[in-house]
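One structure is given below, encoded as structure tokens.
The values are calculated or read from the model by the stated rules, or taken from the named source; none is laboratory data. Just so you know, these numbers come straight off a predicted model, no measurement behind them. All Cβ positions, even for glycine, are placed from backbone atoms using ideal geometry, and neighbour counts span all protein chains on display.
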Amino acid sequence: MNIIIKCLMILAIMVIIPMTFGDNLCQLAKWEDSLASKYIIGNIFLWAIFQLLSVPMIYLKMPFHNLLYTYSLVIIVLFILSLVWLIIFYKRNNEKKISLKKRVYNLFKASSGLRKIMMWILSLIMIISIAFQISQYVFLAHRDNDDSRFVVNACDAYEQDAMYTINYKSGEPEENITVERDLTSPWSMYVAWQAKVVHIYPTILFHTVLPIFLILMGYSVIWMLGYKYFKRDIFYTIIFTMSVSIINNFFNLSVYTSSTFFLVRIWQGKAIVAGIMIPLLMYLYYRIYRHNDEIITYFILFITNISMCLLSGAGILLSPIMNVSYGISYAFSKKKMSIFFGMLLACVPSVFYGVIYIVYRR
Amino acid sequence: MNYTDVFTEMQQYIRYWVNGNYFFVFIFLIALAFIFVKSKEKRKTIVFPVIILIMLIYNPIMYKYVWYHLINEEKVYWRLFWCIPFVPVIAAAIAELISILNDVRLKIVVLIFTLVLVAICGNSLYTNYDFYGDRGGTPFYKVNNFYKLDDNIVSIANLINDGTSIMIPEDEMFQLRQYKAETKVYTSDLLNSDSTLNMLSICRSAYKNNIDDIILRKNLLQDDTMLKECGYVYNQNKSEILGESYIWYSKKQSNSNTLTVECKKGFNNIGYMILKDSLDRFAIIDGGGNSNINIIHNEILENSGVVQDWIISGMTSKSIYGVYHALWSWEDVNLIHMTGVNYDIDNIERFVSSEDDNESTELEQSCKWYRGASWFRDDADNNIKVLGLDLVNFNTIKVISDNDSIEDLSMVFRLGSKENGVLYVGDITSDRLEEIIQEYGDQLKTKNLVFLTELSNAGDLEKISQPQNIITLYDMQDDEMISIN
């Protein structure tokens, strides 16, 4: 496939489709008009649907192409429906929409003098810092032994149409799923799906293409979080995001910290949990704290939970721990037990997939 | 597990996770305290939930009853620490600190100061990456491909023919299948050796897994004699393409699946056999218990140029290698009787302990058999597996006599293939042969019968084994050789 078409396909499945879904969901949730939140929520939605479809198919040891076609079909149908929705409500939405140029202008209009200069400089530092981190992924290589499973599983699906039924070490076919926890966290299959659609070998997608989008996604979440924490004050949001991007470079106490995972092997599901999903949960919790009547945020927390299950076994475990901790704290702070129960309800996917994993393992 | 152990284990995890650097944790706690004091809202939205998280995660009771069972199996308790938002909390505290300052210049100074402080207390990812205890440098390196794999691996993968199976060191294997997933790869820790390679084990693994190509790190290979004996040839073209790092061996091509048995008369009228397959892999089998065994071995070595490890005899512990070689090389080998009271068990155990885990178990079993033959008769097993082959109907209690005289050290075995077979009775005595005939009866049927020495009851054996071809090594001329295909 021509390189331009491949690039367009990457743009379609990694930007346009998630943004379209995100746009609809954010409208539905009546969230503020933010590119970052649309991008994040759209991706979370895509991952959650994939998780719902893939687990039963992997359990039934279906060939990969069944999942490829089914999921693609579902996404196409939903994408068409989203477009129809956007077109029907175009006028109404268009009134609220703000152009990108206006957005950038708005960011800085409130400031003046030295503060404005400082904002520009800090923004530049932030952009350079993030661009540097992305460039490491794009232009250099990092070898990680876990790729022998995650990446190879995707390659086996891509080349041999098998979902976890080929021994990732030897390449020999096996009767059962080679590693049980992959049944409930099939992130590799999602990347294999992307690889098939854009016609790029999964290893290239994992190591070169995905990090660009995932690092941006991670800092988008940090931006959203800062924007909320600092009451829409762009100055402090920039300081917050820039500080996170700098501190990440130094939170490499061992190879096991969340920052090291984020900056060294972001293509792996567990690194996405550590670097993107946990800050996203914090953002959703904050929204719940501020607008605890917003039922749709609980729903988004619910689908975030499903997509965390897709990413890694760590995602299955960590999201309930966080939901419970924040739920207890917020329920007491607000004196409203419904917050706790709402957040507890959002743990249902983790419990469901956790039980499937335990039962299957036995 | 008592609570002291629990606490110690949790401490170890923390130390492991922060790598002994508690400054960063200290900064985090200060940041948390600062947010607590500074912002009433963030106290509720950030500080309280984080405290609950810490209490939940760093909790001996929870560790003992929940975390240990959920996450400790893989020793990844440290993943729970990801929930604690170290970086966002410190960044939020910095932003909060700056928000209380009015002067923009002061804000800049404080921002720079705090970030430098964090950098000093932390550890730079791009200049001091921790390669599992070995610090220094960056985690990234330059390659010339978009797969982001070592360029050597891409070269190797491009040289692999479709449908072939490869044996390659473990580290290389991890990357190879990321480039070419359809490749059947076999690896072993044996190939990653830091010093020299255990060629015997590598050859055995290659044979068992039907490997087409063996790729080794050039600097680790000292001697390829055994590889060649095992049917692999140096692949010059591919090795030259790979340059200095790797060396490539490919399996000799052969369409036939025949076994040749060459019978020869050796020193002191004691005959021996050389077993060869179509790839010229061979084992040498002599008569076993005779006092001149070393002389015979030397004679064989001179004649054939093989290493002593491949010689089967009923006498020395070295013979175990030869037995295995015979067992790998031909299917359906029944070792009917191999006495071995004089086996050097220590040597055998040393040999066994050098194997990788999987094979060790199998070899362990075979060693029990050897032991059983000599010392542990009560544990004797009638169906013993050696490298996946059944050694059927071997009964140590009945076959082995207490007499460890020199005559009792003979080896008697039958090599069987689908249509052909050789029954070899070595230099067994007439009495022992009688016992064996009684014991095995019809199982001794064979197409070829080989006698090493003259036996008074040879006729009885001929009757029961119904051979089409009888070879009496003791009657042969010195330079005569008989081949059985």
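If residue B:18 meets every condition in (1) more than 39 Å from the chain's Cα centre (by Cα); (2) facing chain A (nearest Cβ under 9 Å) apart from one, which number is that one?
It fails just one condition, (1).
Take the residues in region B:55-83 that are touching a residue at least 60 places away in the same chain (Cβ under 8 Å) and more than 7 Å from chain A (Cβ to nearest Cβ), then tell me which one is nearest to residue B:4 (Cα to Cα).
By that ranking, first place goes to B:64.
Inside region B:18-54, can you point out the residues that are polar (S, T, N, Q) and touching a residue at least 40 places away in the same chain (Cβ under 8 Å)? First the steps, then the outcome.
To start, the set of residues in region B:18-54 that are polar (S, T, N, Q) comprises B:19, B:21, B:39, B:45.
Matches in region B:18-54: B:19, B:21, B:39.
Go through region A:150-186 and count every residue that is in contact with a helix residue (DSSP H, G or I) (Cβ under 6 Å, 6 or more places away or on another chain) and either closer than 15 Å to residue A:57 by Cα or of a type in the set (D, E, K, R) (or both).
Selection size over region A:150-186: 11.
How many residues does region B:36-92 contain that are crowded, with 19+ Cβ neighbours inside 10 Å, of a type in the set (D, E, K, R) and closer than 24 Å to residue A:331 by Cα?
The number of residues fulfilling the criteria is 1.
Being touching an Asp or Glu at 6+ places or on another chain (Cβ under 8 Å) and away from chain B (no Cβ under 11 Å), is that true of even one residue in region A:186-199?
Yes, because at least one residue in region A:186-199 is touching an Asp or Glu at 6+ places or on another chain (Cβ under 8 Å) and away from chain B (no Cβ under 11 Å).
Residue-by-condition table, conditions (1) more than 10 Å from chain A (Cβ to nearest Cβ); (2) without any contact (Cβ under 8 Å) to a residue 60 or more places away in the chain; (3) surrounded by fewer than 14 Cβ atoms within 10 Å (Cβ to Cβ):
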site	(1), (2), (3)
B:109	yes, yes, yes
B:127	no, yes, yes
B:130	no, no, no
B:145	no, yes, no
B:160	yes, yes, no
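For region A:304-322, indicate whether the set of residues that are at the interface with chain B (Cβ under 9 Å from one of its Cβ atoms), within 23 Å of residue B:96 (Cβ to Cβ) and among the small types (Gly, Ala, Ser) is non-empty.
no
Rundown of residues vs (1) among the small types (Gly, Ala, Ser); (2) surrounded by fewer than 24 Cβ atoms within 10 Å (Cβ to Cβ); (3) in a helix (DSSP H, G or I), yes/no style:
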{"residue": "A:222", "(1), (2), (3)": "no, no, yes"}
{"residue": "A:240", "(1), (2), (3)": "no, no, yes"}
{"residue": "A:244", "(1), (2), (3)": "no, no, yes"}
{"residue": "A:266", "(1), (2), (3)": "no, no, no"}
{"residue": "A:272", "(1), (2), (3)": "no, no, yes"}
{"residue": "A:275", "(1), (2), (3)": "yes, no, yes"}
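Can you name the number of the only condition in (1) β-branched (Val, Ile, Thr); (2) over 25 Å from residue A:149 (Cβ atoms); (3) assigned to a loop (DSSP other than H, G, I, E, B); (4) at pLDDT 80 or above that residue B:233 fails?
Only one criterion is unmet by residue B:233, namely (3).
For region A:277-286, check the following and say yes or no: at least one residue is on the phi > 0 side of the Ramachandran plot and either free of Cβ contacts under 8 Å to residues at least 24 places away in the same chain or surrounded by fewer than 24 Cβ atoms within 10 Å (Cβ to Cβ) (or both).
no
Residue under question is residue A:50, and the condition is that it be closer than 28 Å to residue A:228 by Cα, at pLDDT 95 or above and of a type outside the set (A, V, I, L, M); does it hold?
no
Please go through region A:139-167 and give me each residue that is at the interface with chain B (Cβ under 7 Å from one of its Cβ atoms) and touching a Ser or Thr at 6+ places or on another chain (Cβ under 7 Å), ordered by number.
A:151, A:155
Filter region B:422-431 down to the residues that are out of contact with any helix residue (DSSP H, G or I) (no Cβ under 6 Å at 6 or more places or on another chain), modelled with pLDDT of 65 or more and buried (at least 21 other Cβ atoms within 10 Å of the Cβ) and list them by number.
Once the filter is applied, which keeps residues that are out of contact with any helix residue (DSSP H, G or I) (no Cβ under 6 Å at 6 or more places or on another chain), modelled with pLDDT of 65 or more and buried (at least 21 other Cβ atoms within 10 Å of the Cβ), region B:422-431 yields B:422, B:424, B:425, B:428.
For region B:7-66, which positions are touching a strand residue (DSSP E or B) at 6+ places or on another chain (Cβ under 8 Å) and either farther than 30 Å from residue B:98 by Cβ or not in a helix (DSSP H, G or I) (or both)?
Those that are touching a strand residue (DSSP E or B) at 6+ places or on another chain (Cβ under 8 Å) and either farther than 30 Å from residue B:98 by Cβ or not in a helix (DSSP H, G or I) (or both): B:19, B:21.
Here are A:151, A:179: which of them is at pLDDT 90 or above and either among the aliphatic types (A, V, I, L, M) or within 30 Å of residue B:98 (Cβ to Cβ) (or both)?
A:151
So, of the residues in region B:447-463 that are crowded, with 19+ Cβ neighbours inside 10 Å and within 18 Å of residue B:434 (Cβ to Cβ), which turns out to be farthest from the chain's Cα centre (by Cα)?
Among those that are crowded, with 19+ Cβ neighbours inside 10 Å and within 18 Å of residue B:434 (Cβ to Cβ), it is B:455.
Based on what the data block shows, is residue B:49 at pLDDT 90 or above and either more than 48 Å from the chain's Cα centre (by Cα) or at the interface with another protein chain (Cβ under 7 Å from one of its Cβ atoms) (or both)?
yes
Would you confirm whether any residue within region B:86-96 is within 7 Å of chain A (Cβ to nearest Cβ), among the aromatic types (Phe, Trp, Tyr) and more than 30 Å from residue A:231 (Cα to Cα)? Please lay out each step first, then the result.
Initially, region B:86-96 is screened for residues within 7 Å of chain A (Cβ to nearest Cβ), giving B:86-88, B:90-92, B:94-95.
Filter once more, keeping what is among the aromatic types (Phe, Trp, Tyr): B:86.
Right, trim to more than 30 Å from residue A:231 (Cα to Cα) and you get none.
Scanning region B:86-96, I find no residue that is within 7 Å of chain A (Cβ to nearest Cβ), among the aromatic types (Phe, Trp, Tyr) and more than 30 Å from residue A:231 (Cα to Cα), so the answer is no.
Within the group A:184, A:178, which residue is touching a residue at least 12 places away in the same chain (Cβ under 8 Å), surrounded by fewer than 22 Cβ atoms within 10 Å (Cβ to Cβ) and closer than 30 Å to residue A:359 by Cβ?
Being touching a residue at least 12 places away in the same chain (Cβ under 8 Å), surrounded by fewer than 22 Cβ atoms within 10 Å (Cβ to Cβ) and closer than 30 Å to residue A:359 by Cβ holds for just one of A:184, A:178, which is A:178.
The conditions are (1) of a type in the set (Val, Ile, Thr); (2) more than 30 Å from residue A:121 (Cβ to Cβ); (3) facing chain B (nearest Cβ under 10 Å), and residue A:239 fails exactly one of them. Which is it?
(2)
Please state which one of A:204, A:212 is of a type in the set (A, V, I, L, M), within 21 Å of the chain's Cα centre (by Cα), under 16 Å from residue A:268 (Cα atoms) and at the interface with chain B (Cβ under 7 Å from one of its Cβ atoms).
Answer to the check: A:204.
Can you tell me which residues in region A:313-362 are of a type in the set (Ser, Thr, Tyr), surrounded by 21 or more Cβ atoms within 10 Å (Cβ to Cβ) and touching a residue at least 24 places away in the same chain (Cβ under 8 Å)? Lay out the reasoning, then the answer.
In the first step, residues of region A:313-362 are kept if they are of a type in the set (Ser, Thr, Tyr); the result is A:319, A:325-326, A:329-330, A:333, A:338, A:350, A:353, A:357, A:360.
Applying the additional criterion that residues be surrounded by 21 or more Cβ atoms within 10 Å (Cβ to Cβ) yields A:319, A:325-326, A:329-330, A:350, A:353.
Those that are of a type in the set (Ser, Thr, Tyr), surrounded by 21 or more Cβ atoms within 10 Å (Cβ to Cβ) and touching a residue at least 24 places away in the same chain (Cβ under 8 Å): A:319, A:326, A:330, A:350, A:353.
Only one of (1) surrounded by fewer than 20 Cβ atoms within 10 Å (Cβ to Cβ); (2) touching an Asp or Glu at 6+ places or on another chain (Cβ under 8 Å); (3) at pLDDT below 90 is not met by residue A:115, so which one is it?
The failed condition is (2).
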